[in-house]
1. Quick one: if you stick a label point 7 Å off each Cα along the C-beta vector at A:I80 and B:S99, how many nm between them?
2. Can you compute log10 of I(q)/I(0) for segment A:1-106 with the Debye formula, treating each Cα as one identical point scatterer, at q = 0.11, 0.13, 0.19 Å⁻¹?
3. Using +1 at the C-beta of Lys and Arg and -1 at the C-beta of Asp and Glu, which of B:L41, A:I69, A:A188 has the Cα lying farthest in the positive direction of the dipole of the protein assembly as shown?
4. What is the gain in length, in nm to one decimal, between A:L7 and A:V177 on full extension, counting 0.36 nm per residue of separation less the C-alpha to C-alpha distance?
5. Hey, what does the equivalent ellipsoid look like for chain A, semi-axes from the Cα gyration tensor as sqrt of 5 times each eigenvalue, largest first, whole Å?
6. Given charges of +1 on the Cβ of Lys and Arg and -1 on the Cβ of Asp and Glu, with all other atoms neutral, how large is the dipole of segment B:8-95 about its Cα centre, in debye to the nearest 20?
7. Let me confirm one metric for peptide A:87-100, namely the mean number of other chain beta-carbon atoms within 10 Å of its residues' beta-carbons.
8. Per DSSP helix of 4 or more residues, -39500 (n - 2.57); summed, then divided by the residues of chain A. What does that give at 222 nm, rounded to the nearest 500?
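Where a number appears in this text, it was derived from the coordinates with a stated rule and is not lab data. The model shown is predicted, which means the values in this text are computed figures rather than measured ones. Cβ atoms come from the backbone with ideal geometry, glycine included; neighbour counts cover every protein chain shown.
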Amino acid sequence: MTDQQHLNTLSDIKRIMDRSSRYISLSGLSGVCAGISGLVGAAIAHSWIRDYYTRWETSGIFDKQDFNILKIKLTILGLIVMGLALGGGTYFTWRKARKDGLPIWDKTARNVFYSGLIPMVAGAAFIAGMVYNNLEVLVAPACLLFYGLALVNASKYTFGDIKYFGIAQIILGIINVFYLRRGLYFWAFGFGVLHIVYGVMMWWKYERNASAED
Amino acid sequence: MAINNPIGNLNKIFDSRIRLGVMSILMVNDEVSFNDLKQMLELTDGNLASHLNTLEENGYLKVHKGFIGRKTNTTYQITKAGEKAFKGHLAALESMIRSIE
């Protein structure tokens, strides 16, 4: 064997180790897409909540039914935003995997999915309990906190950068607990702005050169 | 002769790229199923199985036979001996490259 062959063997080993332990098809554009859905959702929620308070102030009395309608509307909006973010995110990741000739769903993808799913499901159940107990003010910080934990947990199986993104969400969620009535702004910043910033950074770092080669 | 012959440290078993690939995967993953190995290395069943047998016969990996429902699910795990052999092989490769530089 020549020297070049030994070098090739070593780089093969490194590549196989990387590919078999980390999911590298996650696209930065998925983050941008999630961020845009988050911002649009937050803007819609903001206008609904403002209208609700305007109605309350003009009538001067608390309308329980109106409040419940708002709650249901916001829950549905949240689910739609999540669906759009997941759908768009999956699309861009699928596109990247296909371009690189990698399977979109393999062992590493399963690892990312299940390690992220556990904090997410725990968070969802916990938040449902908060809404049930009329603790709406805690919903936004809890969303940020559990999402951040899910990212940190899943980062072991994909780009390590995701860990810092997760930590940023956790910090944001904790600060939010001390500014409870500002939840929507924190939510919009975490799920909207941070996603877009991070998505662009990831794209710049890992995908920019790859797309320039096309 | 032994001093200047790092080739002697290269492990014959790892001459095969497939066996080297299997070991690389098992070094960084706890337990890997047959199907995942097949997918990651893009191999056919028969080809992969024969290489896995060689590695098992040399004591480099442990085989666990299990079931998921009714389907068999065989997983593979690296042994201490396997880890040592793989690391020795890597070190030998590295020293060969360094000796030329």
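1. 7.0
2. With one equal scatterer per Cα and no solvent, log10 I(q)/I(0) is -0.58, -0.68, -0.95.
3. A:I69
4. 55.9 nm
5. 41, 17, 14
6. Using Cβ point charges on Lys, Arg, Asp and Glu, segment B:8-95 gives about 180 debye.
7. 0
8. That comes out to -26000 deg cm²/dmol.
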